[in-house]
Each structure stands twice: as C-alpha cells, then as structure tokens.
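The values are calculated or read from the model by the stated rules, or taken from the named source; none is laboratory data. This structure is a prediction, so every number in the text was calculated from the model and none was measured. Don't worry about glycine lacking a Cβ; one is built from the backbone with ideal geometry, like all the others, and counts go over all protein chains shown. Side chains included, ligands, DNA and RNA excluded: accessible areas come from the protein's heavy atoms. Shrake-Rupley method; radii C 1.70, N 1.55, O 1.52, S 1.80 Å.
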Amino acid sequence: RTKGWNAEDDLYHYQGFWFHPTFLDGIMSAQDYFKAQPSDILICSTPRSGTTWLKALAFAIVTRNSFDDSTSPLLSKVPHDCVPFVEMDLSHGSSARDPEMPLLATHIPFSSLPKSVLESGCRIVYICRNSKDAFVSMFHFARRLEIQRNLEPLSLEEVFELFCEGKCHYGPQWDHVLGYWRASLERPEKILFLKYEEVKEDTGVYVKKLAEFIGCPFSPEEEETGAVEKIVKMCSFENLSNLEVNKTGKHREDTPVSIQNKVFFWKGKIGEWENHLTPEMAARLDRITEQKLGNSGLNLVRH
Ligand code: A3P
C-alpha cells in the first residue's frame, strides 16, 4: 500500500502493478466471474491513453449497419456507456452482457487478465500513448476529479514523482505497455497493438485496420461511399467533446464513482506535455521510458 494521488485514495500493489482499491476489488472478482467468449473483442489500455476514443471507433465500426448517422448511440451516450468495463461492470456476479455486442474494455495488465481471456482465444486491441502526454493527461484528469470531490490536490511535482516510481492507477505505465507489446509480437493474429499518436495522425487507415481485425472489414462499396470517413468524423475529438451528453452528462450517475462525462475529454492532442512539463521533467520521463523499454523494439519517446 502506498500514498495515492490525493489525500484519500491510497494505491495497492498487486501482481506488480498499483491499483485503486475499488478497481482492484473488481479485478480480483473478475478472475472468477468474467468468462470471455471466443467472439469477444477486448479493448485494453492504461488510463488516459485513448480508451474513450478507441471504444467509440470500435463501437461505430461494429454497429455501422444498425444505425444511421443520426441514430448512433454514440450521439446520446458517452462511449464508456456503450462498451462494458470488465472490472466494474462484469465482476461481482453482475454479468449483464448484451449477447449481440462483442466489445468489452479493461485496464487490467496483460499478466493479470482473467484466465478465460487467453483460454477463449478472444481478440484484444491495445492502445498506448507516449508517457509524457499520458502523465499530463492523468494529472489533469485526477485534478478535475479532486475538485469535483472537494479534495486537496497534490502538486504536479508530487504527482510526477509518484508517476516516475510507477505509482499511478494501473502503473507502472511502461510495464503495462510492455506486457501487451510482447504478447502482440507472439500472437499478432490475436492482439492488435496501437499507438494513440499513430491513430491520431492517420485515423482512416487505423479505422480500416481495426475493422479488419475485429472481423467486419469495409466493403469496396462502403469505402467508395465514404463510410470510413463518416466514422472518423463522428468519433473525432471535436465532434464527441461537443455533444450535449458529453458536455453535461454523467457516467455511473448515483454511484460513488460517478464522473462528469466532460472529464473524459480535455485537449485530445499530441504533445500537450510541452505546455506543462519542464525540460528536466520531460528528459527524466524519456530516460525512464528508454531504460524500461530497452531493446523491446517499442518506441514511446518519439512525441
Ligand atoms: P488529453 O487529456 O490529453 O486531452 P482515455 O480515454 O484512455 O482516458 O484517454 C483520454 C485522452 O484521450 C484525453 O487526452 C482525451 O482528451 C483524449 N480523447 C478523448 N476522446 C478523444 C477523441 N475522440 N480523439 C482523440 N483524443 C481523444
């Protein structure tokens, strides 16, 4: 157990990673309760790495023949309400799953995934983000939640120190990313490994890749009639963050972990860290990243 990012929430160490107790409880319970199906598509990530966006893109791809442009649930629900979260929604015996919906999401590290995930042979899509932007995004997310809960926030410097020591929700970030990276090299047909920056720079290409991996590729007719571009536009930061539901709605309303939807959207950019970290902080994170990733073949420093 160690001090967390505010005065109230300690973090707990389990199987090499740090967790908030509520999530850890869900993760442990999901080991028994969560039964993955071979047709499942599990969206995995560390927090603040593009999960909301990836959920929206995958949901839009899977449901594109069920809704037209004006009826997609993505226009009236935050993406987190469209894709169940394993450690919160599918633990403790609550397994209310829509049998038609193959998408699920989790932040559980690869090495701690419930056994049924690997046994079922279901597919995994992982998204990661450069450590500097992920850290800055996490800091601002935590800060907004602390304000919402009237908690005294820690300073950027204090939280930075904790992040460098790997002490953040589901951290160390590098170990989390490496677990999925190595697994994706071993089983590329089962694990698609994405980087936030690459998806941001060429979203259409990754929407097509994602659709193929999920098993619902775009037909030539769909491509000709702009189906890919429609999904890119509907799921763009500008579009999602400006929807009424994402400006004023709440996720998990009336529960102790209720969050205003607008907190899931902040800047949606590559390189925002430059406005928040000193050159020394940035260099330190780059150094740790290079040391941790070593010769794994993965580069998370580029941005
Ligand atoms: P910033 O805080 O840097 O803006 P997650 O969903 O894993 O928590 O990641 C959140 C990050 O993704 C936030 O980054 C958020 O603004 C950004 N994001 C949310 N929706 C997005 C979208 N549609 N396109 C690009 N980035 C998005």
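Considering only Cα-Cα distances, which of the following residue pairs are longer than 30 Å: 167/209; 77/292; 35/132; 167/233; 35/77? Intermediate results must be reported in sequence, preceding the final value.
Values: 167/209 33 Å; 77/292 38 Å; 35/132 35 Å; 167/233 36 Å; 35/77 26 Å.
Too far apart for the 30 Å limit: 167/209; 77/292; 35/132; 167/233.
Find the centroid of the Cα atoms in segment 108-136 and in segment 19-74, then give the distance between the two in whole Å.
Each part's Cα centre sits 11 Å from the other's.
Below 12 angstrom from the Cβ of residue 189, what's the summed charge of the other residues (Lys, Arg +1; Asp, Glu -1)? It would help to have the intermediate numbers written out before the result.
Details: positive: 123, 187, 190; negative: 186, 212.
Taking every Cβ under 12 Å from that of residue 189, the sum is +1.
Ignoring ligands, DNA and RNA, what accessible area per residue does segment 234-303 give at 1.4 Å, in Å²? Don't jump to the answer; show the numbers that get you there.
Details: 4030 Å² over 70 residues.
Ligands and nucleic acids excluded, the figure is 58 Å² per residue.
For segment 223-294, which GluC sites (Glu not before Pro) are in a loop by DSSP, counting at most 14 other Cβ atoms within 10 Å? It would help to have the intermediate numbers written out before the result.
Details: sites: 223, 224, 229, 238, 244, 253, 272, 274, 280, 290; in loops: 253.
Passing sites in segment 223-294 are 253.
So which GluC sites (Glu not before Pro) in segment 71-121 end up in coil per DSSP with only 12 or fewer other C-beta atoms within 10 Å?
Values: sites: 87, 100, 119; in loops: 100.
Filter output for segment 71-121: 100.
Please express the shape of segment 78-122 as an equivalent ellipsoid: the semi-axes are the square roots of 5 times the eigenvalues of the C-alpha gyration tensor, given largest first in whole angstrom.
Taking √(5λ) for each eigenvalue gives 18, 12, 11 Å, largest first.
Please list, by residue number, every one of the chymotrypsin sites (Phe, Trp or Tyr not before Pro) in segment 246-290 that is coil in DSSP and has at most 16 other beta-carbon atoms within 10 Å. Spell out each step's value before the answer.
Details: sites: 264, 265, 266, 273; in loops: 265, 266.
Listed in order of number, the matching sites are 266.
Just the Cα atoms of segment 1-113: what Rg and Dmax do they give in Å?
Radius of gyration, then largest Cα-Cα span, for segment 1-113: 15.5, 49 Å.
For segment 221-303, calculate the relative contact order in percent as a whole number, restricting contacts to Cα pairs under 8 Å that are 6 or more residues apart.
Values: 39 pairs, mean separation 12.9, N = 83.
Averaging sequence separation for qualifying contacts and normalising by length gives 16 percent for segment 221-303.
Give me the base-10 log of I(q)/I(0) for the chain at each q in 0.11, 0.13 Å⁻¹, Debye formula, one uniform scatterer per Cα, rounded to two decimals.
Scattering profile of the chain, log10 relative to I(0): -0.65, -0.95.
Leaving ligands, DNA and RNA out of it, report the carbon-plus-sulfur percent of the accessible area of the chain at a 1.4 Å probe. Can you show the working numbers first?
Details: 6960 of 13920 Å².
Solvent-exposed carbon and sulfur of the chain make up 50 percent of the total.
Per residue, how many Å² of accessible area does segment 118-231 show with a 1.4 Å probe? Before the final figure, lay out each step's value.
Numbers: 4900 Å² over 114 residues.
That works out to 43 Å² for each residue.
Which far-off residues, 5 or more places away or on another chain, put their amide H under 5 Å from the one on residue 195, with H placed in the peptide plane?
128
Near residue 174, within a Cβ-to-Cβ distance under 11 Å, what is the net charge of the other residues, with Lys and Arg +1 and Asp and Glu -1?
Details: positive: 292; negative: 175, 290.
Value of the local net charge: -1.
Using a cut-off of 12 Å between beta-carbons, work out the net charge of the residues near residue 243 (Lys and Arg +1, Asp and Glu -1, residue 243 not included). Numbers along the way, then the final one.
Numbers: positive: 77, 247, 262; negative: 238, 244.
My count for the surroundings of residue 243 gives +1.
What is the helix-to-structure angle for 21-33, meaning the angle in degrees between its Cα long axis and the longest Cα principal axis of the chain, kept from 0 to 90 and rounded to the nearest 10?
That works out to roughly 50 degrees.
Counting only helical runs of four or more DSSP H residues, what would the 222 nm mean residue ellipticity of the chain come to if each run contributes -39,500 (n - 2.57) and the total is spread over all its residues? Provide the component values of the computation, followed by the final result.
On the way: 14 runs with 132 residues, N = 303.
After summing the helix terms and dividing by residue count, I get -12500 deg cm²/dmol.
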